[in-house]
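So the structure is just underneath, and the comments pick up after that.
Please treat every number below as a calculation from the coordinates, not as lab data. All figures in this text were calculated on a predicted structure; none of them were measured in a lab. FYI the Cβ positions are ideal-geometry reconstructions off the backbone, even for glycines, and counts take in every protein chain you see.
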Amino acid sequence: MPASRLLIPVLALSLAASAVHAQPLDGRVPPESAVAMKSSFAPIVRRTAPAVVNISAKRMVRQQTDPFWQLFGLGVPQNRVAQSLGSGVIVRPDGIVVTNNHVVEGGQEITVALNDRREFPARILLADPRTDLAILKIDVGAERLPTLRLDETSDTQVGDLVLAIGDPFGVGQTVTNGIVSALNRTTDPSGEAGSAYIQTDAAINPGNSGGALVDMDGELIGVNSFILSRSGTSSGVGFAIPAAVVRRVVDTAVGGGQRVVRPWFGARTQSVTSEMARSLGLALPQGAMVADLWPGGAAARAGLRQGDVVLQADGQRIVDAPALSYLVNTHKPGDTIPLLVRRANGRDEALTLRAEPPPATPPRDERTLSGRNPFDSATVVNLSPAVATELGIDAFTGPGVLVTGIGGGLARGAGLRPGDIVREVNGQKIGAVRDLAAALSQASPVWRITLERNGQTITGTFRS
């Protein structure tokens with residue numbers, strides 16, 4: 001079932017008409033509203049809605065004409081302005097706004113419209129495609145804007161009431177309610193991507209992207225990101241990026257960082273199955289089993305071994321492999337993370353993992369190749385854990401040479417694709433970009449190339 005990004009083209013912004021005084025929010029429901037909350041969400045909405053904004057991004061796109069007219073030389077591609085709509089959340093009173101990266105990606109002109117109808121041009125401080133978050137800045141002078149406090153604690157539970165606030169379909173600010181349907185949901189069962197979402201049944205539709213998911217304390221527990229739907233509209237299966245992840249990206253942007261440096265566990269893990277649990281003497285099929293270790297990586301230095309099962313991290317129970325990856329990703333490099341591990345002999349042992357960025361070995365050595373060979377115009381890079389983490393792929397597929405881009409040369413005609421890993425050229429093993437460059441420097445009328453693509457090995461023969 002495809003994941004529908006909540007992004008739609010619009011012609012104009014439509015915002016809520018009521019003006020709200022710009023007062024910072026402390027994220028708590030006033031005591032006098034406790035009774036009212038039993039029959040209405042109005043008290044919490046009044047305090048949270050002013051911090052949710054509308055975001056419009058304009059981008060120039062190249063519009064192709066009908067191929068029929070191009071046959072007669074009459075079709076000239078035209079540039080047109082496309083406009084997209086999404087939502088955002090003010091998280092700092094000086095004008096720091098969080099939204100989804102896909103809302104503003106490629107935008108040349110970004111406008112943030114506040115709840116009181118005022119509009120401000122925005123600039124992107126940091127875009128992080130991997131988490132699908134972007135941090136914007138608007139200039140409000142000395143004014144202090146209303147904000148939502150990030151709830152980074154782990155006390156959110158399945159069944160908790162939540163509100164989703166955003167601008168679906170461009171109709172204006174809208175509030176929907178529901179519950180937390182699940183925690184630590186992932187679109188990558190291996191857990192390598194490190195993304196674990198809050199799932200909610202609160203109605204989320206196109207235009208809600210980047211909006212707020214708030215709890216009954218008026219705190220931001222997540223940023224709405226995407227839905228699963230056959231129709232493209234809400235089916236009650238929506239996903240929000242947890243506040244702990246949002247905080248890491250916000251802190252990086254405010255601190256002047258150009259990219260988010262994430263810790264890397266240094267091991268490939270898999271979720272514990274019922275059969276594995278029985279063999280290990282576990283009462284429940286929970287935890288993350290270490291399937292492979294990167295030599296000299298963080299997990300190996302912490303004392304983990306192949307076959308160990310991580311049961312707890314930071315004092316939190318680890319349900320599966322994605323949950324462990326997510327928890328490690330919420331830390332900063334240099335943090336220490338206490339672990340509880342079940343050894344293969346059935347004994348439990350406490351270990352300490354030092355969070356650190358993935359190693360950039362071998363060196364990146366990114367370059368675009370040329371010449372009379374199938375890699376002409378292809379951009380390649382050495383595949384290291386750092387590169388793999390940056391691109392969201394499995395680091396344990398390396399070492400090797402990764403194709404990251406294809407230009408207009410012979411590489412396109414040869415069928416190369418970004419994501420291909422080069423393994424052999426004319427019988428020579430390829431372990432680094434320098435190996436590939438050396439192999440291609442030898443003129444040959446025939447090129448026999450072996451690639452790894454989506455886990456499958458492909459061998460092809462090409463003539464120059």
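Pairwise Cα separations in segment 347-464 fall into 10 Å bins from 0 onward with the following percentages, short to long: 14, 45, 25, 8, 5, 2, 0. Applying 1/(1 + (r/R0)^6) with R0 = 35 Å to the Cβ-Cβ distance of Ala142 and Asp217 gives a FRET efficiency near 0.75. All alpha carbon pair distances within segment 265-419 were sorted into 10 Å bins beginning at 0; the resulting P(r) in whole percents reads 11, 34, 25, 16, 11, 3, 0. Restricted to Cα atoms, segment 222-347 shows a radius of gyration and a Dmax of 17.1, 50 angstrom. With a simple spin-label model that places each label point 7 Å from the Cα along the Cα-to-Cβ direction, the separation between Val446 and Ser370 comes to 2.9 nm.
A Förster radius of 56 Å combined with the Cβ-Cβ distance from Arg317 to Arg412 puts the calculated FRET efficiency at roughly 0.70. In plain terms, the C-alpha convex hull of segment 289-381 casts an average shadow of 8.1 nm² when viewed from every direction.
Compared with the alpha-carbon gap, the fully stretched path from Lys429 to Ser40 is longer by 133.3 nm at 0.36 nm per residue. Based on alpha carbons, the Rg and Dmax found for segment 224-272 are 15.9, 41 Å. The translational diffusion coefficient of segment 82-161, from Stokes-Einstein at 37 °C and 0.692 mPa s with a Kirkwood hydrodynamic radius over alpha carbon pairs, comes to 237 µm²/s. Thinking of segment 82-216 as a set of Cα atoms, what percent of all their pairs are more than 20 Å apart? Of the Cα pairs, 50 percent sit more than 20 Å apart. For Asn454 and Gln108, the FRET efficiency from 1/(1 + (r/R0)^6), where r spans their Cβ atoms and R0 equals 41 Å, is about 0.75.
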